[in-house]
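This report refers to the structure that appears directly beneath it.
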Amino acid sequence: MVFRHRQTEGEPFVLRLGSLEVDAGKVVACIGPSGSGKSTLLDLIAGILSPEQGSIRVAGFAMHELDTNARRRVRIEHIGLVFQTLALVDYLTAFENIVLPSFVEPTIATRAELKARAQKLAADLEIDHLLRRRPAKLSQGERQRVAICRALVTRPAVLLCDEPTGNLDPVRSERTLDLLLEAGRTSGAAVMMATHDHSLLGRFDTVLDMAELRGGRP
């Protein structure tokens, strides 16, 4: 797989990946300095970006062959995302943000089923008392936990996390990582997480150093 981004100054950003396979239930950490391509790789797997060359298969779908709308459906139904920017909707409550996938794609689950799942996840991450608040009334760490609940609520086949513990204290960081990894292993989801926290790397099956995948001009 090759992804190339033309920058206005300096060398173009090129990400080359010969082969990467993550089995169901396995967890992979992506490490590397800022700008090394961690977020880019997650966006490629999620179908937000498309490779210039090569193929990407996620949960049985050939993402490189799908159009934008088809990739979006796969993303909503089969992929859980925790964005670095969190991407919460300001005018929705925390609870509404968690169940947002059901608003976008009503066939995901029944309302009662998704509501119960959302309540359980919120309790696990200790934000069940904050579900009526909007993002502006939450701390950064609380908003991050809302985003994690939203990523897990559909029981995704693939879980992609961009620095999901970056704004959490050490205790909540460990608890959040426990939830993410347990969710992956118990549901059979493949988990890929970008992180700068090398103290967490012993918890992962594989560590992928993104700095080694950077390319220059062909």
message: I'm trying to understand the selection: among the residues of the range 179-196, which are in contact (Cβ under 8 Å) with a residue 12 or more places away in the chain and assigned to a helix (DSSP H, G or I)?
response: Leu179, Leu180, Leu181, Ala183, Gly184, Arg185, Ser187
- prompt: Which one of these is under 17 Å from Arg16 (Cα atoms) and touching a helix residue (DSSP H, G or I) at 6+ places or on another chain (Cβ under 9 Å): Leu66, Leu41?
  reply: Leu41
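Give the residues of the range 121-150 that are of a type in the set (D, E, K, R) and either crowded, with 18+ Cβ neighbours inside 10 Å or touching a residue at least 24 places away in the same chain (Cβ under 8 Å) (or both), sorted by residue number.
Across the range 121-150, the qualifying residues are Asp124, Glu126, Arg132, Arg133, Arg134, Glu142, Arg143, Arg145, Arg150.
For (1) touching a Leu at 6+ places or on another chain (Cβ under 8 Å); (2) of a type outside the set (Val, Ile, Thr), each residue gets a yes or a no:
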residue: Val153; (1), (2): yes, no
residue: Asn167; (1), (2): no, yes
residue: Thr176; (1), (2): yes, no
residue: Leu180; (1), (2): yes, yes
residue: Ala183; (1), (2): yes, yes
residue: Gly188; (1), (2): no, yes
residue: Met193; (1), (2): yes, yes
residue: His196; (1), (2): no, yes
residue: Arg203; (1), (2): yes, yes
query: Consider Thr85 against the criteria (1) within 23 Å of Val146 (Cβ to Cβ); (2) surrounded by fewer than 12 Cβ atoms within 10 Å (Cβ to Cβ); (3) at pLDDT 90 or above: it satisfies all of them except one. Which criterion is unmet?
result: (3)
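Being in contact with a His (Cβ under 7 Å, 6 or more places away or on another chain) and under 30 Å from Phe13 (Cα atoms) narrows it down to one residue among Ala211, Ala157; which is it?
Details: Ala211 fails: in contact with a His (Cβ under 7 Å, 6 or more places away or on another chain).
Being in contact with a His (Cβ under 7 Å, 6 or more places away or on another chain) and under 30 Å from Phe13 (Cα atoms) holds for just one of Ala211, Ala157, which is Ala157.
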query: When Ile48 is evaluated against the numbered criteria (1) modelled with pLDDT of 85 or more; (2) over 18 Å from Pro101 (Cβ atoms); (3) in a loop (DSSP other than H, G, I, E, B), which criterion, by number, is the only one it fails?
result: (2)
message: Give me the residue from the range 156-185 that is of a type in the set (D, E, K, R) and within 13 Å of the chain's Cα centre (by Cα) and, out of that set, farthest from Val22 (Cα to Cα).
response: Glu163
field: In the range 156-178, residue modelled with the highest pLDDT [restricted to those that are outside any helix (DSSP H, G or I) and among the charged types (D, E, K, R)]
entry: Asp162
message: Tell me yes or no: at least one residue of the range 82-98 is free of Cβ contacts under 8 Å to residues at least 40 places away in the same chain and among the small types (Gly, Ala, Ser).
response: no
query: Take the residues of the range 105-125 that are assigned to a loop (DSSP other than H, G, I, E, B) and touching a Lys or Arg at 6+ places or on another chain (Cβ under 9 Å): which is modelled with the highest pLDDT?
result: Leu125
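The values are calculated or read from the model by the stated rules, or taken from the named source; none is laboratory data. Bear in mind that the values here come from a model prediction, so they are computed numbers and not experimental data. Cβ atoms come from the backbone with ideal geometry, glycine included; neighbour counts cover every protein chain shown.
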